[in-house]
Structure formats: C-alpha cells, structure tokens
Amino acid sequence: MKTLRNYIGGEWIAPSAADYLDLTNPATGEQLGKVPLSGARDVDAAVSAAQTAFLKWREVPPVVRARYLFKLKFLMDQQFEDLAATVTREHGKTLDESRGSVRRAIENVEHACGIPTLMMGKALEDVAAGIDCEYVRQPLGVFAAITPFNFPAMVPCWFWPYAIATGNTFVLKPSEQVPFSSTRILELVHEAGIPPGVLNMVHGAKDVVNALLAHPGIAGISFVGSSPVARHVYTEAAKYGKRVQALGGAKNHVIVMPDADMDRAVANISESLFGCAVISAKHKEKVLSYVEAGRKEGATLLLDGRATKVEKHPRGHFVGPTVFDGVQPDMTIGKEEIFGPVASVTHVSNLDEGIEMVQRSGFANATSIFTQSGKAAREFRYRVGVSMIGVNIGVAAPMAFFPFGGTKGSFFGDLKAHGQDSIDFYTDKKVVISRW
C-alpha cells in the first residue's frame, strides 16, 4: 500500500499535516494507499518553489521548453498501458475508456509542443509615419489548477502543459479521490528532466483549495467540478485579482430525429452515457438517490441497474445501466447532472420543441443531434445556445487544438480549456510601439 507525497521543487515531500485519506479500488475494494490532506503551509511551499523556478524558466527559449514536452510525450507513450491501468485501478473506468482518456492527455502535451508557433505575436510597420507596433506574448508567473475525479489523467493535462510551455510555472491540486494518475504522470515529468519547481503538486481537499484561491503568489486558477463550486472558485479567485477559468457541471442533451440512423445513434449514445464509473460507496448512494427520485417523480423505469452484482468483486461499487422514459425537464433527473449510468429519455414533438428543451437547461456544456437532414443539423447548431455541438456523434469532446468549455452554468470565465484559449489565458500580450 502506497503513501503518497507532495511534489514540490522537484522532490517528493511529506506534507506538513498528519491527516491522510485511505483509498480503495472502486471495482474490487482493494486498498490502494493513502493520500495526504495537506494544508496552507504546503501550498506556500509549492508556490514559493514555483516563484523561484519562474525567474529562470521564463527565460528558457520556447523551442527548448518544447523539447522537454517532447521528451515527456515520449515517456507517456512508452508508459501508455501503465497509465491507463492506473486510471482504471483508482477510478473504475473500463480499460478501453481509460486508454481513451490517457490518449487525450497525451494529445494535450503534444499540442503544447507546438508552443513556438502558438505563442507568436504580431507586428505592423508604419502604424504612423516612422512608427512600428508589435505585440509579444509573455508569461505571467505561477498558475494553479484544481481538478476533478472523473478523468484523473486527462483533465489535469488540459492545463499545466500549456502553462509551462508558455513559460509559467504551476501548482496542481488533483482530486484527493484519484491522486495516483497525476502522481504517475509527475514521475514522468521528473524523468523528462523538467526543472525543479516548474511543475508542483499538492494533494488535499478544501484547505488546499482555499489556500490556492487566496494566495497572492498565484496569477490564475483553472477549475473543473460542480457548478456551485465553480461559481465559488470564480468569485473568490476573481476577488483576489486572479485570472479564472472555472468549468462547471453539465446536462448534455442528445436530440434523436425520426430520420436518424438508429443503430448508430444507440451505439454512440450508449458509449457516451454509460462511461462514468462509480468510484465510492458515497458516490453509489448518490446515483441510487437519483434513481429513486426519478421513480418517485413519475418517470417510467424501463431498465433498473440498482441490483447489479459482479460475482468476482462483491465489494465493488457497481451500478448497472439504468434507463428512464417519460422524463420531464423539471424532474430532478431531467435537470441535474448524474455521474452514473442513468439515461433519461424525454419525448418532444419536433425540432423546435427539442431546441427549446435544451435552451431551458441551466447548463450549456455540450449537446448533440442525430439526423440524416443537413437542414435540421444546421438549424440545430445555429439556434441552440450551447458551446460544443455534436452532429451524429455522442457527447461532443473537442480535440486538444480546439477550445473546451460551455456557457451559462457550465462555465465561469471567458477563456476556455486547451486550444488557443489556453495560450491567451496563460500569457499577457505586451504591446511595443517604436520610433527610431
């Protein structure tokens, strides 16, 4: 059983606090190890190490910073199966799902390797007689990210590769429920030779979050989690003058038109819907409470996965596929995000009614339509007020070179995750006007 440590200034360091959280494999009940519940002193140490490292790291040429990331990508590719197995072991995803999420993590590191081009500024001669104007991008200092349990390898890589590629330094606070994937990746960061203090990691819970939000040495915060907490992070961090990108919850509607290829639609929707593993007994209770709420509020339970058992793993936190029909948008299961294999089916009369249903949601992360009609697809993508649209695919998840994030209650901030938005988030545009 492994006892984890924080990674600060290029070293694995025991936390200042004595409290630890026991972690188990959600599928088998096997004890995996302990994660420290660090505090403000540990955050101070990590930020101090990052501030010291920033003074030299910002002066490292972008092409050299990219070489470190190329080395890291090589190591992550080498350890691909081990990383995927780590995700499965601590989170409960199937191995295929874990492989997909690790591949997305690597793609973000790969995209950040293009930083010499991504970070280029612009120039214009003779903005006035004999006067030239240009802007260059410069790093801002120390950034931090607070990441969730649902994608333990992928989501942290939405942030720190771009931050360090642009010359900033970083403090990562992974979810205390799934800390092993980030630990394994930072072991590879260390092996890649990325200088001490450039990337740091502090394990913990609420105390670490609050310390990061208030710390005067941090220039900006990235967050992924529930909408109420995302709003809190946005409000608190902005109060201290930080840049913030806070990704909240989602209720990703899928519209299936009568002319859709039903075999394709069912396969794609099922793949998107049933991929969220149940990671703890508390999480299982939460999912089951949604099933009970749906039943009590009048939805028709077509498929009940509550009694699902896996013979070889009686201590696992399993919930089988569960399907409700006749779900109304104002029902609990019709309006709240469920991190579990629970499908809510609603019937609408036409495309207009479907779009209206999507628009009424408090979330606006992703939505999809299945149809053979280009006209219907265009009408849907044009009118629906959601940031990520899928046409004949399941839940839309953009590649690393496009922005990821929603609107309304799904996102708080203005610059989204990965893509060019990340470069803008992690840099300042310095304008220089010259006359000689």
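For region 104-134, filtering for residues that are in contact with a helix residue (DSSP H, G or I) (Cβ under 7 Å, 6 or more places away or on another chain) and surrounded by 15 or more Cβ atoms within 10 Å (Cβ to Cβ) leaves 10.
Within region 93-102, does at least one residue satisfy the condition of being more than 30 Å from V310 (Cα to Cα) and either without any contact (Cβ under 8 Å) to a residue 60 or more places away in the chain or out of contact with any helix residue (DSSP H, G or I) (no Cβ under 6 Å at 6 or more places or on another chain) (or both)?
As a first pass, look at region 93-102 and keep what is more than 30 Å from V310 (Cα to Cα): none.
Scanning region 93-102 turns up no residue that is more than 30 Å from V310 (Cα to Cα) and either without any contact (Cβ under 8 Å) to a residue 60 or more places away in the chain or out of contact with any helix residue (DSSP H, G or I) (no Cβ under 6 Å at 6 or more places or on another chain) (or both).
Within region 290-303, does at least one residue satisfy the condition of being more than 19 Å from the chain's Cα centre (by Cα) and either under 30 Å from E379 (Cα atoms) or in contact (Cβ under 8 Å) with a residue 60 or more places away in the chain (or both)? Within region 290-303, one or more residues are more than 19 Å from the chain's Cα centre (by Cα) and either under 30 Å from E379 (Cα atoms) or in contact (Cβ under 8 Å) with a residue 60 or more places away in the chain (or both). Report whether or not I433 is farther than 18 Å from S272 by Cβ and surrounded by 15 or more Cβ atoms within 10 Å (Cβ to Cβ). No. Only a single criterion out of (1) outside the structural domain of H347 (by TED's automatic domain parsing); (2) surrounded by 21 or more Cβ atoms within 10 Å (Cβ to Cβ); (3) assigned to a helix (DSSP H, G or I) is not satisfied by G294, namely (1).
With the condition kept exactly as written, say whether any residue in region 238-253 is buried (at least 21 other Cβ atoms within 10 Å of the Cβ), touching a residue at least 12 places away in the same chain (Cβ under 8 Å) and over 18 Å from the mean Cα position of the chain (by Cα). So far as region 238-253 goes, yes, one or more of its residues are buried (at least 21 other Cβ atoms within 10 Å of the Cβ), touching a residue at least 12 places away in the same chain (Cβ under 8 Å) and over 18 Å from the mean Cα position of the chain (by Cα). Taking region 135-156 as the range and being closer than 24 Å to R184 by Cβ, out of contact with any helix residue (DSSP H, G or I) (no Cβ under 7 Å at 6 or more places or on another chain) and of a type in the set (A, V, I, L, M) as the test, only V155 passes.
The values are calculated or read from the model by the stated rules, or taken from the named source; none is laboratory data. No experiment lies behind these values; they were computed from the predicted model shown. All Cβ positions, even for glycine, are placed from backbone atoms using ideal geometry, and neighbour counts span all protein chains on display.
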